[in-house]
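Peer 1: What follows is a structure written as structure tokens; I'll ask about it next.
The values are calculated or read from the model by the stated rules, or taken from the named source; none is laboratory data. Since we're looking at a predicted model, the values are computed, not measured. Reconstructed Cβ throughout: ideal geometry from the backbone, glycine too, with neighbour counts over all protein chains shown.
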């Protein structure tokens, strides 16, 4: 029997960052994290289990993927097969609607959509927490793209309780993420390799130990819709992660000169009354989180900065969901 | 009786940085540091104690200084008067041969020269260690501009043993500092205020705790003239200090976009065979430490970078010394 399902999931932008694993194979993080889903950007993935298939296949944006990319998908499907007791191979097709190579991390959306489509296709009906745990095995931050809106991934004590849950739905606070793309061609060190370097920084342990404080402030700022508190903690947290990266051995310098220009500009815009705050993932692009009424002005300001190639826009959105079969 | 003396001292560039005091008024540092004196750049200072003077005066580059600048010099002269049991006021005149406002920290050279000229004028003949301790009271890093060549400032247990000494004379290794000036107009947060913010970073304690490791590596690299080891540790240490600065509250972002361009370029030049390494003090200018045979190539490479306004050059040099009265 051919079994198929399609799911859609968005990337997320971390407000309190995940950097460094305590168990790399289970992707158990050293610290909890908080993020916002980015509606408007998404991966849409169809998984088709077919008894006739001799092996898994993976097609991304209409291009067949082989080698390590296919291997990572296939290993993830093994988790799903092991949950369901099946050995059937699958064809996976996925489309991202955001520009590949624009420095927007795609693995979170990809593995969240794959977790949901794959389990639905094979007939499993997992809880949100179980789906989040499963997605985590593919990419740590994918655990946060399962629940909707503002999401916290608790570090947990082990595989069982290391999953994400919603702090507030998207409607709670329709924040906008104006993503200033400053680097699209350049491929920096991937997150998986980067996480493995975290403990080579003399600062990582201190960053991790300080995380509960930052989680508390960020969580409360979201619940209170307190933009000033949110702005200060997300900029601080972003700099803490990059501090660890730049002091790893070898050092990881993800920032480009234009990133720094923006990191100096944004707090200045905030002093001038705009509700905007910066945060950078493992890349050079600057995510400018802003209140909806300020998004147009922020976007215009970003476009004027030399080195900004384009500005993408996303709003706080839902978690992963199943897409009904097309008529 | 009019008593006068003239001394000259150079700024120094820290290889292992001083950031944060455990006692701000005595300028007792939280961690030891290592630096190189920069011959070619200097402050030349004359102190004249004159019983007829009603108050201290201070002239810098032919401009009379009043307010906080004079107050800081006058407070420093009080230390010298208290050592000698004198109450005589002094006229201080000082000349820097390096461009003021080019972001080259001048206080180290200024207080080292002032300590030596002032004590000599008043008839004190202090040991190098005592002079270094005295200079420290004016500006922490001034303690390192008293001894010659490569210098270590031991954190010490208190005022008595917190002073600097020479690790190796300048002739040991004639390293060159090509200073890429990327910012001259902009006045960032001064060091004194910056030091006070160090403990507001969750990373400062970890940076300080890790310092003995870095001091050991740096000291050994100097003694062995091991450029690769020196390059890695000074770049790592520079990033550690700026990591603390950028994660202080409020955050201190001393880097300019061109600083980051250079921080990415220099390790690349090193991979291509040039002996060059970057380090940044509390400012945007990039000090590129290089082997003498590479200095011309490094300087040319720096001049080609957009945003580099000028390149100053200094070589490893002597500590503070008295200048004989002119005939």
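Peer 1: Which of the helices (runs of 4 or more DSSP H) contained wholly in the range A:165-272 include at least 2 residues that are under 26 Å from residue A:148 (Cβ atoms) and more than 12 Å from chain B (Cβ to nearest Cβ)?
Peer 2: Output list reads A:191-197, A:211-224, A:227-246.
Peer 1: Identify all residues within the range A:222-260 that are under 18 Å from residue A:212 (Cα atoms) and in contact with a strand residue (DSSP E or B) (Cβ under 6 Å, 6 or more places away or on another chain); write none if there are none.
Peer 2: A:222, A:231, A:234, A:235, A:237, A:238
Peer 1: Just one of the numbered conditions (1) surrounded by fewer than 19 Cβ atoms within 10 Å (Cβ to Cβ); (2) within 9 Å of chain A (Cβ to nearest Cβ); (3) without any contact (Cβ under 8 Å) to a residue 24 or more places away in the chain is not true of residue B:307; which one?
Peer 2: With respect to (1) surrounded by fewer than 19 Cβ atoms within 10 Å (Cβ to Cβ); (2) within 9 Å of chain A (Cβ to nearest Cβ); (3) without any contact (Cβ under 8 Å) to a residue 24 or more places away in the chain, residue B:307 is out only on (3).
Peer 1: Moving to a separate point now. Please state which of the following conditions residue B:98 fails to meet, knowing it meets all the rest: (1) within 30 Å of residue B:310 (Cα to Cα); (2) without any contact (Cβ under 8 Å) to a residue 60 or more places away in the chain; (3) not in a strand (DSSP E or B).
Peer 2: Among (1) within 30 Å of residue B:310 (Cα to Cα); (2) without any contact (Cβ under 8 Å) to a residue 60 or more places away in the chain; (3) not in a strand (DSSP E or B), the lone unmet condition for residue B:98 is (2).
Peer 1: Based on this model, can you work out whether residue B:68 counts as free of Cβ contacts under 8 Å to residues at least 60 places away in the same chain and out of contact with any strand residue (DSSP E or B) (no Cβ under 9 Å at 6 or more places or on another chain)?
Peer 2: So residue B:68 passes the test.
Peer 1: Answer yes if at least one residue in the range B:283-300 is surrounded by 22 or more Cβ atoms within 10 Å (Cβ to Cβ), under 15 Å from residue B:12 (Cα atoms) and within 14 Å of another protein chain (Cβ to nearest Cβ), and no otherwise.
Peer 2: Checked against the condition, which is being surrounded by 22 or more Cβ atoms within 10 Å (Cβ to Cβ), under 15 Å from residue B:12 (Cα atoms) and within 14 Å of another protein chain (Cβ to nearest Cβ), the range B:283-300 yields at least one hit.
Peer 1: Does residue B:94 satisfy the condition of being within 14 Å of the chain's Cα centre (by Cα) and at pLDDT 95 or above?
Peer 2: No; evaluated as a whole, the condition is false for this residue.
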